[in-house]
Amino acid sequence: MSNYTPMIQQYLSIKAEYEDAFLFFRLGDFYELFFEDAKRASEVLELTLTGRDGGAKERIPMCGVPHHAADVYIGRLIEKGHKVALCEQVEDPSQAKGVVKREVVRVITPGTVMEEKMLAEKENNFLAAVTKREDHYAIATADLSTGEFYLTERSGSTMAVIDELAAFSPKEVLVPSPLGENESFVKEVQDRLGSILTSLQTEGLPSAAEMAAALDQQFPGCEEAYASPVLLEVAGLLHTYLQQTQKRAMAHMNRLERYDAGQYMILDTAARQNLELTTTLREGQKKGSLLWLLDQTATAMGSRLLKKWLDKPLLDQKRIEDRQGAIQAFVEDLLALEEIRDGLRGVYDLERLCARIAYGSANGRDLHALRKSLEAVPALKEKLAMTASPFLSQLAFGMDGCDDIVEQISSSIVEEPPLSIKEGSMIQEGYDHSLDELRTIQQEGRSWISQLEQRERQATGVRSLKVGFNKIFGYYIEVTRANLKLIPEDRYQRKQTLANAERFVTPELKERERQILTAEEKSVEMEYRLFVEVRESIAKEIARIQRLAEQVAQVDVLHSLAVVADRYHYVRPRIQSDDTLFIEGGRHPVVEAAVGERFISNDLLLDQKHRQVLLITGPNMAGKSTYMRQSALITLMAQMGSFVPVKQAVIGIVDRIFTRIGAADDLVGGRSTFMVEMDETRQALGQATSRSLILLDEVGRGTSTYDGMALAQAIVEYIHDHVGAKTLFSTHYHELTALAGDLDRVVNVNARCVEKDGEVVFLHKIEEGGADRSYGIHVAQLAGLPREVIQRAQEILHGLESTTRDEEMGLPTSHQLNLFQYEAAVTKEDSYSEGERKAMTSLRDWDVMNHTPLESLQFLQELQRSLKG
Ligand SMILES: Nc1ncnc2c1ncn2[C@@H]1O[C@H](COP(=O)(O)OP(=O)(O)O)[C@@H](O)[C@H]1O
Ligand SMILES: [Mg+2]
């Protein structure tokens with residue numbers, strides 16, 4: 001090391017403190033990267049790797065980016081999950097003795113991005129922290145770009161923590177050392193959340209008392225929220241990390257909100273994914289999700305809040321009804337809704353504007369946008385106050401128009417400020433006396449100069465005489481060579497000789513020029529100072545603007561839900577605190593939006609006394625999954641406060657929704673194993689209460705028929721006898737319909753199909769009673785299997801059915817194919833050979849829906865071959 005030049009030594013000592021980040025080392029107009037950083041960055045960013053002599057034998061690998069374009073490169077590194085430490089020159093190089101002093105001024109990480117360009121407008125950018133004491137976890141989440149900070153606790157399994165984290169989709173998760181070294185935890189977080197993990201060594205962290213003091217300063221009056229040691233630890237950890245990376249005041253982060261698990265409906269990751277709340281299962285895109293359908297918000301704040309409402313449906317009847325009342329008022333007065341929409345459109349992203357103001361990165365345009373947004377508030381307030389909803393008028397009443405801030409901005413900032421705050425032209429005339437004086441000097445100087453041309457032309461008689469300006473010589477008087485003789489010898493001082501002209505100056509011209517330039521320089525400086533003053537004084541009022549932002553966001557979400565309710569003819573469900581779930585004419589909101597009138601509505605009745613478990617049978621493609629999902633979505637939307645796609649509905653508040661989808665339906669990449677399915681089912685059974693809603697869609701399908709059927713039956717029995725949760729259980733094991741006879745609160749329904757001209761028609765209508773039979777062969781037909789195969793399969797099936805019917809006494813009245821009975825029949829039946837029996841069994845077990853037509857064809861060919869002997 002000692003061989004290195006002093007600058008490289010400085011680099012190395014700084015780099016040692018930021019090992020996990022790319023160190024952007026400021027050298028004049030460039031940020032340079034050295035050593036390993038340079039090698040890796042040159043690959044990731046496709047930069048040319050060069051070298052630099054650093055005093056040692058070998059040249060040091062180096063690459064760099066111009067400082068004005070650094071944002072783009074930093075953005076790319078962050079997007080790929082890396083961190084960047086920005087190291088600036090913190091003294092004037094011309095004043096420096098020896099190496100210029102440098103310091104890291106900020107560390108940018110995926111969870112602490114502030115740059116507008118690197119943030120998704122409609123999404124939060126959360127950073128989370130998790131700590132653990134015994135079996136107790138604490139979770140803190142913060143969004144630096146909006147100033148939100150939340151705290152909560154969870155006990156029990158890692159899954160509960162991950163589920164909670166998943167609701168925030170954090171970009172980065174902090175874990176202190178003992179937990180951070182727990183490999184299975186780390187792996188789960190990475191696999192399930194896809195966020196980057198930052199593990200922190202606890203040794204270097206401030207003490208509990210220091211953390212408490214820092215939190216107290218950041219969040220005045222919020223001590224209650226972090227009263228327990230584990231909460232203090234996690235909040236302190238997150239806050240410390242923010243401070244250490246940002247190295248500046250974060251005045252916009254001033255509210256700390258603690259919530260408890262019992263405050264909202266719990267949705268685990270599986271439920272969120274299966275119900276396609278924010279992304280679709282297949283493509284993982286927002287388009288096609290419930291959020292996409294419901295999001296008619298006019299502002300980015302509204303969009304972000306809507307997602308929160310979706311992630312955290314309410315349990316409190318009053319709060320749900322408040323929201324319903326607001327939506328109703330809008331739906332019943334569409335004109336007002338339209339006007340409010342227009343009003344909302346005029347409001348920019350107040351949350352992020354506040355953050356940038358507090359952070360010191362807001363420019364003139366941001367302040368102007370703030371002013372425009374605030375100016376839109378009074379009209380909005382007035383409209384809201386006139387609606388029929390007491391909730392909305394209350395909200396309107398509480399809105400602070402922030403007139404003083406509007407006044408402050410409009411008196412100080414011009415109408416069209418430039419992007420840069422270092423080039424002037426942003427402070428309003430009349431705002432500051434000294435600035436006005438400086439501007440007058442410039443104006444007078446310029447007009448003196450512009451009149452100079454006229455005066456000199458007259459005085460000298462040279463009509464072509466010009467006054468000009470260039471960057472090197474400043475102002476000059478230009479006379480063509482032909483006219484030089486007309487200029488008296490000592491009138492001007494010669495400055496520059498051109499091919500056919502001569503340029504001159506006069507002492508007075510130079511003096512004026514000097515005055516203009518100094519005034520210009522001074523006023524640019526002064527404008528910057530005045531701007532920062534205005535920004536800082538607004539920063540003091542940020543809490544008020546933030547409160548307003550929250551209110552506007554709420555109005556926006558309610559407005560969005562009203563727009564959707566009106567567009568798709570949703571109605572207001574009745575909310576109750578009992579165990580009823582009653583839906584008449586329910587539709588799947590997203591499927592309906594795609595197919596329109598063709599969507600067939602369905603009813604649902606669930607309660608704890610008579611209809612606790614609905615066993616839904618019907619062939620593949622009949623609409624079972626859609627029916628189950630729509631029932632859950634309607635419940636969830638109702639508890640968000642939204643109107644729902646039904647003719648009418650009564651929703652008894654549900655505390656959790658579980659969904660488990662049979663392995664073959666689980667489309668989420670790579671996780672379609674039976675083990676996962678069983679693990680999730682276990683959790684549902686373990687955690688559900690009698691107030692929960694469970695959807696089990698073809699659970700048991702991922703294993704062989706017998707296992708699957710046995711498991712399915714055992715699960716239904718367990719839920720019936722021990723859990724008590726309202727349950728929708730779909731199955732293709734028709735044999736299970738017999739359970740309804742044994743278990744009081746299990747009821748059969750089926751997705752009805754009819755046969756028409758030898759083909760199945762799916763009616764998508766759910767009706768009482770078990771399904772007739774599987775229709776699997778018809779689905780094969782639909783899938784395009786050759787006619788011969790279908791006919792032969794029908795013959796075989798027909799043979800099987802008549803055998804069972806002949807052989808068995810006391811058959812169920814429906815013509816379902818009972819596998820147990822069938823098995824019994826074939827073992828008794830001597831007229832079948834061993835080979836034929838085998839063939840029939842494998843035909844029965846062949847899962848047509850989960851094979852390609854070609855596979856099925858090959859299977860049948862094989863079967864035929866074995867029967868022909
Ligand atoms: N009520 C309905 N009205 C119109 N189309 C429906 C309805 N229910 C389901 N579908 C359509 O039928 C197809 C199969 O539905 P799905 O629920 O997956 O059936 P299953 O789970 O019984 O195999 C889907 O393409 C779906 O869009
Ligand atoms: Mg299905």
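The values are calculated or read from the model by the stated rules, or taken from the named source; none is laboratory data. Here the structure is a predicted model, which means the values were calculated and not measured. Counting neighbours? That spans all protein chains shown, and the Cβs are built from the backbone with ideal geometry, glycine included. Ligands, DNA and RNA are stripped out before the accessible areas are found, and what is left, the full protein with its side chains, is counted by its heavy atoms. Shrake-Rupley method; radii C 1.70, N 1.55, O 1.52, S 1.80 Å.
Check segment 710-728 and report whether any residue there is over 23 Å from Leu604 (Cβ atoms), modelled with pLDDT under 95, away from ligand 1 (no atom under 15 Å from the Cβ) and open to solvent by less than 40 Å² (accessible area, probe 1.4 Å).
No, because not a single residue in segment 710-728 is over 23 Å from Leu604 (Cβ atoms), modelled with pLDDT under 95, away from ligand 1 (no atom under 15 Å from the Cβ) and open to solvent by less than 40 Å² (accessible area, probe 1.4 Å).
Provide a single number: the residues in segment 179-198 that are more than 23 Å from Glu17 (Cα to Cα) and either crowded, with 18+ Cβ neighbours inside 10 Å or in contact (Cβ under 8 Å) with a residue 12 or more places away in the chain (or both).
Number of matching residues: 8.
For (1) at positive phi; (2) surrounded by 18 or more Cβ atoms within 10 Å (Cβ to Cβ), each residue gets a yes or a no:
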residue: Gln443; (1), (2): no, no
residue: Arg446; (1), (2): no, no
residue: Glu453; (1), (2): no, no
residue: Gly461; (1), (2): yes, no
residue: Asp490; (1), (2): no, no
residue: Glu527; (1), (2): no, yes
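For segment 556-572, which positions are open to solvent by less than 10 Å² (accessible area, probe 1.4 Å) and over 20 Å from the mean Cα position of the chain (by Cα)?
Of everything in segment 556-572, those that are open to solvent by less than 10 Å² (accessible area, probe 1.4 Å) and over 20 Å from the mean Cα position of the chain (by Cα) turn out to be His559, Ala562, Val564, Ala565.
For every residue, the table says whether it meets (1) touching a helix residue (DSSP H, G or I) at 6+ places or on another chain (Cβ under 7 Å); (2) loosely packed, with under 13 Cβ neighbours inside 10 Å; (3) touching a residue at least 60 places away in the same chain (Cβ under 8 Å); (4) of a type in the set (Phe, Trp, Tyr).
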site	(1), (2), (3), (4)
Leu200	yes, no, no, no
Phe219	no, no, yes, yes
Tyr226	yes, no, yes, yes
Leu232	yes, no, no, no
Leu238	no, no, yes, no
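Mind checking which pairs have a first residue in segment 23-50 that is touching a residue at least 60 places away in the same chain (Cβ under 8 Å) and a second that is part of a helix (DSSP H, G or I), Cβ under 7 Å, 6 or more apart or different chains?
Leu23/Ile14; Leu23/Lys15; Leu23/Asp37; Phe24/Ala70; Phe25/Tyr11; Arg26/His67
Kindly indicate whether Val65 is of a type in the set (Val, Ile, Thr), free of Cβ contacts under 8 Å to residues at least 60 places away in the same chain and in a helix (DSSP H, G or I).
no
Does segment 52-62 contain any residue that is assigned to a strand (DSSP E or B), of a type in the set (D, E, K, R) and touching a residue at least 12 places away in the same chain (Cβ under 8 Å)?
Within segment 52-62 (the criterion being assigned to a strand (DSSP E or B), of a type in the set (D, E, K, R) and touching a residue at least 12 places away in the same chain (Cβ under 8 Å)), the answer is yes, since at least one residue qualifies.
How many residues does segment 678-707 hold that are within 16 Å of ligand 1 (Cβ to nearest atom) and modelled with pLDDT under 80?
3
Condition check ((1) under 20 Å from Thr705 (Cα atoms); (2) outside any helix (DSSP H, G or I); (3) modelled with pLDDT of 85 or more) across all residues:
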{"site": "Ser831", "(1), (2), (3)": "no, yes, no"}
{"site": "Glu836", "(1), (2), (3)": "yes, no, no"}
{"site": "Arg844", "(1), (2), (3)": "yes, no, no"}
{"site": "Glu855", "(1), (2), (3)": "yes, no, no"}
{"site": "Phe859", "(1), (2), (3)": "yes, no, yes"}
{"site": "Leu867", "(1), (2), (3)": "no, no, no"}
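Run down Val646, Val654 and say which single residue is within 16 Å of ligand 1 (Cβ to nearest atom) and assigned to a loop (DSSP other than H, G, I, E, B).
Val646
Does any residue of segment 68-87 turn out to be part of a strand (DSSP E or B), touching a Leu at 6+ places or on another chain (Cβ under 7 Å) and of a type in the set (A, V, I, L, M)?
yes
Looking at (1) of a type outside the set (Gly, Ala, Ser); (2) modelled with pLDDT of 95 or more; (3) within 16 Å of ligand 1 (Cβ to nearest atom), which is the one condition that is false for Met621?
Every condition holds for Met621 apart from (2).
Kindly evaluate Asp322 against the criterion of being part of a loop (DSSP other than H, G, I, E, B), open to solvent by 10 Å² or more (accessible area, probe 1.4 Å) and in contact (Cβ under 8 Å) with a residue 24 or more places away in the chain.
Here the answer is no, as Asp322 does not meet what is asked.
For segment 281-315, give me each residue that is surrounded by fewer than 21 Cβ atoms within 10 Å (Cβ to Cβ) and of a type in the set (Lys, Arg).
Arg282, Lys286, Lys287, Lys308, Lys312
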